[in-house]
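Q: The structure under discussion is supplied below as structure tokens; questions concerning it will follow.
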Amino acid sequence: MADGKSSFVYVTYIRTTPEELWAALTTTEFMRKYWFGMSFESDWKAGSAWRLIFPDGRIADTGDIVELDRPRRIVLSWRNEFRPELKAEGHARCAIELEPQEGAVKLTVSHTIERAESKFIAAVSGGWPLILSNLKSLLETGQIALSERPA
């Protein structure tokens with residue numbers, strides 16, 4: 001992008017309620033089902049730290065909860081911790097927004113970093129569609145779309 005930023009935006013519609021989607025996004029055990037065994041650790045309060053943990057216990061990503069408006073919006077600072085070239089880019093901003101629609105919820109995930117041609121944004125733009133596809137399938141059918149993350 002010409003302005004020195006990189007961003008990724010993903011929008012999907014899920015047949016559920018904002019409250020059920022919020023619980024799916026913030027409940028560790030539920031997250032493991034659609035996030036390939038990974039889980040968030042946080043108390044889900046504005047100003048609190050969070051970490052994303054691999055199934056083997058390694059820390060994948062960390063950050064802080066910048067804003068929390070239950071069940072409408074979560075804004076996170078986000079830094080990759082396991083790939084040195086991504087960690088070196090620093091913190092990104094991730095906004096997760098839930099908007100009720102007739103019989104569904106519009107879920108928008110926006111990831112932005114103050115860096116042109118970000119490798120971090122390239123990485124999340126491959127990961128978010130897989131994770132959110134699993135989340136949508138799980139909430140709508142009770143089953144995930146992909147049991148393993150493609151290579």
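The values are calculated or read from the model by the stated rules, or taken from the named source; none is laboratory data. Values in this document were obtained by computation on a predicted structure and should not be read as measured data. We place every Cβ from the backbone using ideal geometry, glycine too, and count neighbours over all the protein chains shown.
Q: Just name the residue that is farthest from the chain's Cα centre (by Cα) out of those in the stretch 113-149 that are charged (D, E, K, R) and assigned to a helix (DSSP H, G or I).
A: Going through the qualifying residues, I end up with Glu140.
Q: So how many residues does the stretch 121-151 have that are surrounded by fewer than 14 Cβ atoms within 10 Å (Cβ to Cβ), touching a strand residue (DSSP E or B) at 6+ places or on another chain (Cβ under 9 Å) and closer than 19 Å to Met31 by Cβ?
A: 1
Q: Out of the residues in the stretch 1-50 that are of a type in the set (A, V, I, L, M) and in a loop (DSSP other than H, G, I, E, B), state the one that is surrounded by the fewest Cβ atoms within 10 Å (Cβ to Cβ).
A: It comes out as Ala2.
Q: Additional query: Within the stretch 85-115, which residues are more than 18 Å from Ile65 (Cβ to Cβ), among the hydrophobic types (A, V, I, L, M, F, W, C) and free of Cβ contacts under 8 Å to residues at least 40 places away in the same chain?
A: Leu86, Ala88 - these are the residues of the stretch 85-115 that are more than 18 Å from Ile65 (Cβ to Cβ), among the hydrophobic types (A, V, I, L, M, F, W, C) and free of Cβ contacts under 8 Å to residues at least 40 places away in the same chain.
Q: Cβ-Cβ below 8 Å, separation at least six or inter-chain, first residue in the stretch 25-47 and touching a residue at least 40 places away in the same chain (Cβ under 8 Å) and closer than 20 Å to Gly57 by Cβ, second among the polar types (S, T, N, Q) and outside any loop (DSSP other than H, G, I, E, B): which pairs?
A: Cβ pairs passing all conditions: Lys33/Asn134; Tyr34/Asn134; Tyr34/Ser137; Trp35/Asn134; Phe36/Asn134.
Q: Right, next: Using the structure shown, decide if Gly57 is surrounded by fewer than 17 Cβ atoms within 10 Å (Cβ to Cβ), over 24 Å from Glu117 (Cβ atoms) and of a type outside the set (D, E, K, R).
A: It is true that Gly57 is surrounded by fewer than 17 Cβ atoms within 10 Å (Cβ to Cβ), over 24 Å from Glu117 (Cβ atoms) and of a type outside the set (D, E, K, R).
Q: For the stretch 72-120, enumerate the residues that are at pLDDT below 95 and surrounded by 14 or more Cβ atoms within 10 Å (Cβ to Cβ).
A: none
Q: Test of understanding: among Ile53, Ile59, Ile65, Ile96, which residue is within 22 Å of Phe120 (Cα to Cα) and within 12 Å of the chain's Cα centre (by Cα)?
A: Ile96
Q: Just to be sure I understand, how many residues within the stretch 87-102 are within 22 Å of Ala116 (Cα to Cα) and among the charged types (D, E, K, R)?
A: 3
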